[in-house]
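Down below is the structure, laid out as structure tokens.
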Amino acid sequence: MLNSSTIRNIVTVSAISLVVSACGSGGDTGGAGSSDMSLSAGPDVCFNAVADQIGSDAKVSEITSMFSAGPDVDSSASEPAGTMTVCTAYYQNPDDPRKLLSISYVPALGEFTDPADVEVSVSGDAADFNLEDYLVPLSEVKAGALSAVFDANEAQLADKYSAYAWTGVQLADPGTFNDEFALRIAYEGRLKSNDVKDDGYAMVALDGTTVTDNNLFD
């Protein structure tokens, strides 16, 4: 199993480094504009941006996108609901298929970091680890179809919450919580009954429509 915490730490460092180095450079940053990178563009907005960077045929291990819940749900939120705050991807190094690279979108710059090497740590016998077991072609991940899952739960969410927002769409690799690749979707909301902040999630197959584990309303 990949050690996700190690990977995320590396990606975070890469993103911070790019921000620091770009602060004094000025000029046009290029890449996707931050106004295009929001949930209003679809649940696959990060996935599409990643595909533009590495190609839809690239094999990926994990993609994580997170969105602001907005101040009506989260009093600490500084961005409107649906604003993308995180978009990271871990994918097979085309020059060395034994290894992973990472990229991370920097909203302040409107572009991705340069690819960074990822140190993979595993549990169990390291000699038995095969990276191919933790990779899937990006073209097989139908995150855009999640719109139907969102829509199917709108009425129940509106009945339970005074305000709510979808806050996460993630491609999760096989590991502790799922035996196969899956899409994890998450939301946050304010309960009508007591105004307490609540959350929920569901696991969806790569087709983007088949819900395999529904914890949206527990």
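The values are calculated or read from the model by the stated rules, or taken from the named source; none is laboratory data. Just so we're clear, the structure is a prediction, and the values are computed from it rather than from any experiment. Backbone-built Cβ (ideal geometry, glycine too); neighbour counts: all protein chains shown. Protein only, heavy atoms only, side chains kept; ligands, DNA and RNA dropped before computing areas. Shrake-Rupley method; radii C 1.70, N 1.55, O 1.52, S 1.80 Å.
A compact table of results
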| item | result |
| --- | --- |
| Simple spin-label estimate for Ser56 and Asp117 in nanometres, 7 Å along Cα-Cβ | 3.3 nm |
| Area accessible to solvent at Ser56, 1.4 Å probe radius, in Å² | 60 Å² |
| Computed label-point distance, nm, for sites Thr209 and Arg98 using a 7 Å Cα→Cβ extension | 4.2 nm |
| Sparsely packed GluC sites (Glu not before Pro) within region 113-160, loop by DSSP, other Cβ within 10 Å at most 11 | Glu119 |
| Cut-off 10 Å between beta-carbons: net charge of the residues surrounding Asn178, Lys and Arg +1, Asp and Glu -1 | -3 |
| Net charge of neighbours whose Cβ lies under 14 Å from the Cβ of Val122, counting Lys and Arg as +1 and Asp and Glu as -1 | -4 |
| FRET E, pair Ala126, Asp199, Förster distance 25 Å, beta-carbon r, rounded to 0.05 | 0.10 |
| Counted charge near Ala145, where neighbours are those whose Cβ lies closer than 10 Å (Asp, Glu -1; Lys, Arg +1) | -1 |
| Positive-end residue of Thr209, Ala165, Ser147, charge dipole of region 139-212 with Cβ unit charges | Ala165 |
| Probe 1.4 Å - accessible area at Val86, Å² to nearest ten | 50 Å² |
| DSSP-loop chymotrypsin sites (Phe, Trp or Tyr not before Pro) across region 143-218, with at most 14 other Cβ within 10 angstrom | Phe177, Phe217 |
| Alpha-carbon centroids, region 73-91 and region 39-72: separation in whole Å | 11 Å |
| Alpha-carbon Debye profile of region 58-98, log10 I(q)/I(0) at 0.15, 0.19, 0.23, 0.29 Å⁻¹ | -0.50, -0.60, -0.71, -0.90 |
| Principal axes of region 79-162: Cα extent on each, largest first, Å | 51, 33, 25 |
| Label-point separation, Glu140 to Ala152 (7 Å along Cα→Cβ), nm | 2.2 nm |
| Region 144-216: Rg to Rh, with Rh as the Kirkwood radius over Cα pairs | 1.01 |
| Karplus (6.51, -1.76, 1.60) ³J(HN,Hα), θ = phi - 60°, over region 75-80, in Hz, Gly and Pro reported as x | 4, 8, 5, 9, 10, x |
